[in-house]
Amino acid sequence: MSDVPQTDVSRPSALPTAKLLQRPTQPLVDQNSNEYLDAIEEEWNKKVDVEIETLVDGMADIVSLASIEDKDKFRIAQETFQAQCRAESMIRAAHSLMSTIHSMKLLLLLSDETQIAKRRDAELRGVQAEKTDAQTKVAALLDELLSSRRDEGSSGGGGAMQTT
């Protein structure tokens, strides 16, 4: 009998060729840095605009609900409920704005590496300029000192140095 022996060893076989979760082949970033930053800025502006609009609409609705006229108990309860709902949505919008402000502050503080790098590079250029200026001044002073010594040595006739 030529039966294939049973073992625990895995036998390689062809994998299925199904293409699961196909993703688009376009690149993730198909815009330059400035366009990307402009898009993010526009997104932040839209969030802020929506929250401010929510606050303004809520305040306008609360003011319109506060009219003084003859109202029955049902109408008073209904307007109270509406005012509470508007106040809660305004509170959520205010919290969202505070969160957005906090996020923007953190982004400004933590991702301002370009400004830090620019300041560092400017300081480095300034220090290097001061260094080259100091080197040229030292070289000029050294040349002046050496030339005055040569002049003294050649005009002094090679005699003993005079000390004062």
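One table, with the values for the structure above:
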read-out: With DNA, RNA and ligands ignored, accessible area of residue 118 (1.4 Å probe; Å², nearest 10); value: 130 Å²
read-out: Fully extended contour minus Cα-Cα distance, from residue 69 to residue 136, at 0.36 nm per residue; value: 15.2 nm
read-out: Solvent-accessible area of residue 96 with every protein chain in place, 1.4 Å probe, in Å² to the nearest 10; value: 40 Å²
read-out: For peptides 137-149, 44-56, sequence by mean Cβ density within 10 Å, most packed first; value: 44-56, 137-149
read-out: Gain on full stretching of the segment that runs from residue 98 to residue 114 - 0.36 nm per residue minus C-alpha separation; value: 3.2 nm
read-out: Estimated FRET transfer efficiency when R0 is 25 angstrom, pair residue 41-residue 87 (beta carbons, to 0.05); value: 0.20
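The values are calculated or read from the model by the stated rules, or taken from the named source; none is laboratory data. None of these values were measured; they are calculated from a predicted model. For neighbour counting, all protein chains shown are included, and Cβ atoms are generated from backbone atoms with ideal geometry for every residue, glycine included. For the accessible areas, the whole protein counts, side chains as well, though only heavy atoms, and no ligand, DNA or RNA atoms are used. Shrake-Rupley method; radii C 1.70, N 1.55, O 1.52, S 1.80 Å.
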